[in-house]
Structures are given as C-alpha cells and as structure tokens.
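See below for the structure under consideration.
A short reminder: the numbers here are calculations on the coordinates, not readings from a lab. What you see is a predicted model; the values in this text were computed from it and never measured. Please note: Cβ atoms are built from the backbone with ideal geometry, for glycine as well, and neighbour counts cover all protein chains shown.
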C-alpha cells in the first residue's frame, strides 16, 4: 500500500524578472508504506524541494500529492499542520530546535501538542534519549551543544512520536561515522519493527548503501530508481 503518491509533480520558482527556475519537472512516483528510501543528487537537483512538497511545507506548481489515500495538494495550512503533527516526523538539515527549550523540552514539544500525558511523554523521551545515547544532553539548550549533538536531538525529536512517515534532509551531515552508523541502525530498526517509512535526501554514501530503494535526481527529474 502506498503511503505517498506523487502524480506529475512540478515546482517552478518565479523570479522578479521573467526568468523561472524549474526545481522539479513532472515527477511521478509512489512510496510504499515501510520503505527505507534514499533520494540523492547534486546540489540543486530538487531533493529538498521534493521532501518539502511531500511534507506539506510547500505546494507544487502542478500535479497532485496523495498521502495515506488523501489528496493534500490543495489543503489549507491549518489542515496541513494537523497532518504534519500526527503523521510526519521531520529531520531538518538546520536542526530547527527551539533555542529557549532544553533537549528534553524540544523532544517533548510535539507530544504535548498531541496531548500525550506528562508521565508517558517523559518516559518516551527518556527511552529514545537512551537509545541514541544523548541522556547527558536532556537538560541542555541548543546553544550548549555542538552541531552533531543538536542533530542527534533533532533526530530524537522526529522519532519520539512514532510517526508513520519520517522525512530526513541530510540527517548525517554533521555526524562522525560512528554516530552516523548508530543512528542509521536505530532508524532501520524502527523501519523494520514499526513499519515507519523513511525518506532521506542525502549525499551520504552510507545512507544510500543502507537504503532499500535509491532514487537519484538530476535537474529536477528522476534519473534512476533502483530497489535493492
């Protein structure tokens, strides 16, 4: 069963002049529930744009996006925010942690919005922190962490609510190889045990190697789509 279907998706950015930039050009693809998918390509190939469209953070210029059999293409922002809250986890390249909150509070935040009771959400945060070996960071704010530590907290925040779909933009970019391997193994476990669907935009060969499916983009078009 497809969790995401893209039907003839294009995304064009218009400049102040008559010049237009085509970020995505007539892409159609389906992502099955439980996939572990890596999307690669050079800078400017459309990887991040594609993730943002799937996650409802941006809207296509043409085409339709179907999430869980629901057409989300024309939904209003408040409707999209509810879908993101309950169904999608994001791992951003820029971390996007809330600077005034501790790591624990950042991880708890989405669970609070989902109205998870305090005792349960704190236990879930501690469990994920333990698995990611970031227990010592729970009471630190982002300004007190290195880039790699912030990235680990960002990954923990994305998975703590156990969403069906996780969109990850260069999740290993600021991590050493050992930490990267630990996180990828955890994500593979979540994928296999809980059928979480992972879609990565990445340059990292280790992510591509572990992916069960690899799509390469070039100039906003699918160059290759390989299932291992």
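Specify the residue with the greatest mean-square fluctuation among 117, 133, 210, computed from a Gaussian network of the chain linking alpha-carbon atoms under 10 Å apart.
Highest fluctuation of the listed residues: 117.
How far is helix 177-194 tilted, in degrees, relative to the longest principal axis of the Cα atoms in the chain, given as a value from 0 to 90 rounded to the nearest 10?
80 degrees
Hey, quick one: spin label on residue 70, modelled 7 Å out along Cα-Cβ, who in segment 127-169 has an amide N within reach, i.e. under 19 Å?
Of the residues in segment 127-169, 161-167 have backbone N under 19 Å from the label point off residue 70.
As I understand it, the value is the acute angle between the Cα axis of helix 77-87 and the longest principal axis of the Cα atoms of the chain; what does it come to in degrees, rounded to 10?
60 degrees
Hey, in the GNM for the chain with a 10 angstrom Cα cutoff, which one of 38, 158, 173 fluctuates hardest?
173
Against the longest principal axis of the chain, how steep is helix 103-113, in degrees 0 to 90 to the nearest 10, with axes from Cα atoms?
60 degrees
What shape does the chain have by the C-alpha gyration tensor, where a ≥ b ≥ c are the square roots of the eigenvalues, rounded means a/c under 1.5, and otherwise prolate means a/b greater than b/c and oblate the rest?
Judged from the Cα gyration tensor, the chain comes out prolate (a/c at least 1.5, a/b above b/c).
Label segment 1-122 by shape, choosing from rounded, prolate and oblate, from the square roots a ≥ b ≥ c of the eigenvalues of the Cα gyration tensor; if a/c is under 1.5 it is rounded, and otherwise prolate applies when a/b is larger than b/c, oblate when it is not.
prolate
Of 109, 19, how do they rank once you tally other Cβ atoms within 10 Å and put the fewest first?
Starting with the residue having the fewest Cβ neighbours, the order is 19, 109.
Given N residues in segment 77-158, what is its alpha carbon radius of gyration divided by 2.2 N^0.38 Å?
Rounded to two decimals, the normalised Rg is 1.06.
Per DSSP helix of 4 or more residues, -39500 (n - 2.57); summed, then divided by the residues of the chain. What does that give at 222 nm, rounded to the nearest 500?
-11000 deg cm²/dmol
So what is Rg over Rh here for segment 10-70, counting just Cα atoms and using Kirkwood for Rh?
0.99
Go ahead and run the numbers for FRET between residue 223 and residue 141, Cβ-Cβ distance against an R0 of 41 Å, rounding to 0.05.
The pair residue 223/residue 141 has a calculated efficiency of 0.50.
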